[in-house]
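Data block below; observations after.
The values are calculated or read from the model by the stated rules, or taken from the named source; none is laboratory data. Just so we're clear, the structure is a prediction, and the values are computed from it rather than from any experiment. Every residue, glycine as well, gets a Cβ built from its backbone with ideal geometry; the counts of neighbours run over all protein chains shown. Just the protein is used for accessible areas: all its heavy atoms, side chains included, with ligands, DNA and RNA removed. Shrake-Rupley method; radii C 1.70, N 1.55, O 1.52, S 1.80 Å.
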Amino acid sequence: MKHPVMPSILLLSSLGTVLFAQDAAEQVGRRPYEMVWANRIEDTRPPLVDFENLDGWSVERKDSVASFARSREQQLWGEGVGKLVYRAQGTRPTVVARPPKPIAFPAPIDSVNFWVHGNNWDWVPDPATPKVNVALLLRSKSGQAMHVPLGNVRWVEWWLMHRRLSPEEIALLDGGGTLEGIEITGGTNKDDRTLYFDNLAFYRESLAPLTFGPRPTRGIDLPPGQGTGTNT
């Protein structure tokens, strides 16, 4: 006897967190056409978290209702992404997606990349979908907790959130550290809204000095005191 396909299963933890198992019948989305046309199937930076397996992840919530699970509704790298559904249930909503245990990353690092599929445009404000802020909860090897903001969400597509750490943050993570959570704040929307996450990477960026070859001299006489720049 065949069993019918069951819908997503609601899971409740002792901490009051909420998770939904992936629905086997969900529709699979398409990768951005730019990635398809360019045949880009691998990210530039190796990810610390690729969201292909979210077993054991949990959601902590304050003044909010939220769920977090693997999904294929949107596609970018690999086959799975993280899907966060959230809405406010109070005045200061905060949602934190946490891995089963802190995820270690080695030193040296000075930069973070995080792919996020957003839900609003900066140039067309939607009062029903307020901009949320994304931050990472880290801990240095010495045990110091760190709150690292990445910015606010203001796009309705895949977007690479890039952050170069401050000198103080780089110094704290000189011996490496761990990722303890992904924090979303400011989601005061009363109806469900959704964000999708993919590849989260920590790395050291090589910023070598820029060099330029000589360019042709300008075809006009420059005003007195005006430099020629690289047009020599």
Under 1.5 on a/c is rounded, so check that first for region 115-227, then, if it is not, pick prolate when a/b is larger than b/c and oblate when it is not; a ≥ b ≥ c are the square roots of the alpha carbon gyration tensor eigenvalues. oblate
Between residue 165 and residues 5 or more places away or on another chain, which pairs have amide H atoms under 5 Å apart, with H built 1.01 Å from N, and which residues are they? 111, 112
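On full extension of the chain, what length is gained from residue 28 through residue 205, given 0.36 nm per residue of separation minus the C-alpha to C-alpha distance? Walk me through the numbers on the way to the answer.
Details: separation 177, 0.36 × 177 = 63.72 nm, distance 3.37 nm.
Separation in residues times 0.36 nm, less the Cα-Cα distance, equals 60.4 nm.
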J(HN,Hα) series, region 171-188, from Karplus relation 6.51 cos²θ - 1.76 cosθ + 1.60, nearest Hz, glycine and proline x: 5, 5, 9, 4, x, x, x, 9, 8, 10, x, 10, 9, 10, 10, x, x, 7
So the number of lysine pairs in the chain with alpha-carbon atoms under 23 angstrom apart, 8 or more residues apart or on different chains, is 9
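Place a +1 charge on the Cβ of each Lys and Arg in the chain and a -1 charge on the Cβ of each Asp and Glu, then give the dipole magnitude about the Cα centre in debye, rounded to the nearest 20.
160
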As a test of reading the structure, rank 37, 57, 159 by solvent-accessible area (1.4 Å probe, protein chains only), most first. 37, 159, 57
Got a sec to turn the phi values of region 219-232 into Karplus ³J(HN,Hα) couplings, 6.51 cos²θ - 1.76 cosθ + 1.60 with θ = phi - 60°, whole Hz, x for Gly and Pro? x, 9, 7, 7, x, x, x, 7, x, 8, x, 8, 7, 10
Please find, in a Gaussian network model of the chain (springs between Cα atoms separated by less than 10 Å), the residue of 184, 41, 109 whose mean-square fluctuation is greatest. 41
For residue 49, other-chain or 5+-apart residues with amide H closer than 5 Å (H placed, Pro excluded) are 200
Expected field for residue 138, accessible surface area in Å² at 1.4 Å probe radius, rounded to 10, holds 0
Going residue by residue through region 80-91, the Karplus relation 6.51 cos²θ - 1.76 cosθ + 1.60 with θ = phi - 60° gives ³J(HN,Hα) values, rounded to whole Hz and with x marking Gly or Pro, of x, 9, x, 10, 10, 10, 8, 7, 7, 9, x, 8
If you build a Gaussian network model of the chain, linking Cα atoms that sit under 10 Å apart, which residue out of 107, 97, 201 swings the most? 107
At a 1.4 Å probe, what is the % contribution of carbon and sulfur to the accessible area of the chain? 55
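With +1 on the Cβ of every Lys and Arg and -1 on the Cβ of every Asp and Glu, and nothing else charged, how large is the dipole of region 154-193 about its Cα centre, in debye rounded to the nearest 20?
220
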Using +1 at the Cβ of each Lys and Arg and -1 at the Cβ of each Asp and Glu in region 130-232, identify which of 211, 165, 135 lies farthest towards the dipole's positive end. 211
Search the structure for amide H atoms under 5 Å from the amide H of residue 74, placed 1.01 Å from N in the peptide plane, and list their residues when 5 or more places away or on another chain. 29
